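All remarks here apply to the structure that follows.
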Amino acid sequence: MSRYRPPRIPMSAYITPEGYKRLKDELHFLWKVERPEVTQQVSAAAALGDRSENAEYIYGKKRLREIDSRVRFLRKRLENLTVVDQLPADTSKIYFGAWVELYKDDGQTVNYRLVGPDEIDPALNHISIDSVLGKALLGKHLDDEVMVDTPSGTHQYEVIAVNYAPPEPV
């Protein structure tokens with residue numbers, strides 16, 4: 001009998017230079033700042049005596065495990081990422097890292113940036129190239145129309161701008 005192994009979901013190995021720096025900064029903070037602080041707190045809590053009822057000790061050990069887990073993930077992930085720091089040959093097409101302005105079928109205009117899964121941030125309008133909309137947009141040009149099936153129905157988008165620099169604040 002073989003063991004059941006859940007299917008591996010392929011995560012894109014692309015990241016923008018800004019996203020790579022953010023992950024490196026997080027790794028540095030966890031390893032050089034937060035972990036030493038938590039280790040100090042755990043040592044102080046352990047010196048107080050009975051560890052079985054010492055909430056500070058128990059929480060500190062739990063936090064150390066969380067930090068170590070995240071550090072392992074970040075180190076492995078950073079090894080496998082490809083930083084995309086060059087513009088594509090054809091900047092009129094939508095590729096990884098592009099800022100795209102779209103006209104939705106409901107009359108709204110939206111801006112998105114196509115990024116890797118490590119950089120998704122709805123507050124910044126960063127969407128994954130692996131998302132339904134991201135996949136539909138790849139390779140499209142200005143004035144192309146895109147149909148996207150979502151749980152709320154089919155939506156139509158028209159590409160009204162493609163840029164590889166962030167849009168200027170209004």
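The values are calculated or read from the model by the stated rules, or taken from the named source; none is laboratory data. Remember, predicted model here, so these are calculated numbers, not experimental data. Ideal geometry is used to build each Cβ from the backbone, glycine not excepted, and the neighbour counts take in all protein chains shown.
So in the stretch 42-53, with the set limited to residues that are of a type outside the set (Ser, Thr, Tyr) and surrounded by fewer than 16 Cβ atoms within 10 Å (Cβ to Cβ), which one is modelled with the highest pLDDT? Restricting to residues being of a type outside the set (Ser, Thr, Tyr) and surrounded by fewer than 16 Cβ atoms within 10 Å (Cβ to Cβ), the top hit is ALA44. For the stretch 69-88, the set of residues classified as outside any strand (DSSP E or B) and in contact with a Pro (Cβ under 6 Å, 6 or more places away or on another chain) consists of ASP85 only. Here LEU137, LEU74 are screened, and the one residue that is assigned by TED's automatic domain parsing to the domain that holds LEU27, in contact (Cβ under 8 Å) with a residue 12 or more places away in the chain and on the phi < 0 side of the Ramachandran plot is LEU74. For the stretch 96-121, the set of residues classified as aliphatic (A, V, I, L, M) and in contact with a helix residue (DSSP H, G or I) (Cβ under 7 Å, 6 or more places away or on another chain) consists of VAL100, LEU114, VAL115, listed by residue number.
Selection of the stretch 89-104 for residues being over 21 Å from the mean Cα position of the chain (by Cα) and either at pLDDT below 90 or farther than 15 Å from MET147 by Cα (or both) yields ALA89, ASP90, THR91, SER92, LYS93. When you look at LYS21, is it part of a helix (DSSP H, G or I), in contact (Cβ under 8 Å) with a residue 12 or more places away in the chain, among the charged types (D, E, K, R) and surrounded by 11 or more Cβ atoms within 10 Å (Cβ to Cβ), yes or no? The answer is no for LYS21. Going through (1) modelled with pLDDT of 95 or more; (2) closer than 30 Å to VAL162 by Cβ; (3) loosely packed, with under 11 Cβ neighbours inside 10 Å; (4) not aliphatic (A, V, I, L, M) one by one, LYS32 falls short only on (2).
Per the listing ASP130, ASP149, ASP118, the residue uniquely part of a helix (DSSP H, G or I) and modelled with pLDDT under 95 is ASP118.
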